[in-house]
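A short write-up of the structure that comes next.
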Amino acid sequence: RSHLLASGSADKTVKLWDLNTLQCSSTISVHSDKVQWQQFNPAEPAALATASYDRTLVVSDVRTVASAGSSRGARFSLPADVESVAWYPHNPALLIVRTATLFAPSRAYSLSLFLSAGLLRQWHCARL
């Protein structure tokens, strides 16, 4: 997916831009609030993680984006807004997510993903 760029928006969508044509190739609608973070998995380019002010993180398979903007993937509910997310560089099946609230300290979670034959097969979320 080296020819795709993902952009998140306040309109609750993620747009996939084709860098060869400079056109929006698809729009993903999997969040109910502003999308504040998006990044492709460094080892599995079809896996796109997005985080939103709706307190969810979604890992989508961009090859399965339907005409209605939905895609197959995993949805993780978090207790607060996401502050930062990173694919763990030594294990690309692991996402580290940090959340915070006004009255509580930051919390970190690890999201373990199992990718098989390029498809997301299972996942697990644990607080660090």
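What residue, among those in the stretch 61-87 that are open to solvent by 70 Å² or more (accessible area, probe 1.4 Å), within 23 Å of Ala43 (Cβ to Cβ) and modelled with pLDDT of 80 or more, is farthest from the chain's Cα centre (by Cα)?
First, the residues of the stretch 61-87 that are open to solvent by 70 Å² or more (accessible area, probe 1.4 Å): 63, 67-68, 72, 75, 77, 83.
Now narrow it down to the ones that are within 23 Å of Ala43 (Cβ to Cβ): 63, 72, 75.
From the residues that got through so far, the ones that are modelled with pLDDT of 80 or more too are 63, 75.
Working: Arg63: 14, Arg75: 9 Å.
Applying the filter and picking the extreme gives Arg63.
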Condition test on Ala43, is it among the aliphatic types (A, V, I, L, M) and loosely packed, with under 14 Cβ neighbours inside 10 Å?
yes
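The values are calculated or read from the model by the stated rules, or taken from the named source; none is laboratory data. This is a predicted model, so every value here is computed, not measured. With ideal geometry, Cβ positions are generated from the backbone for all residues, glycine too; neighbour counts draw on all protein chains shown. For accessibility, only protein heavy atoms count, side chains too; no ligands or nucleic acids. Shrake-Rupley method; radii C 1.70, N 1.55, O 1.52, S 1.80 Å.
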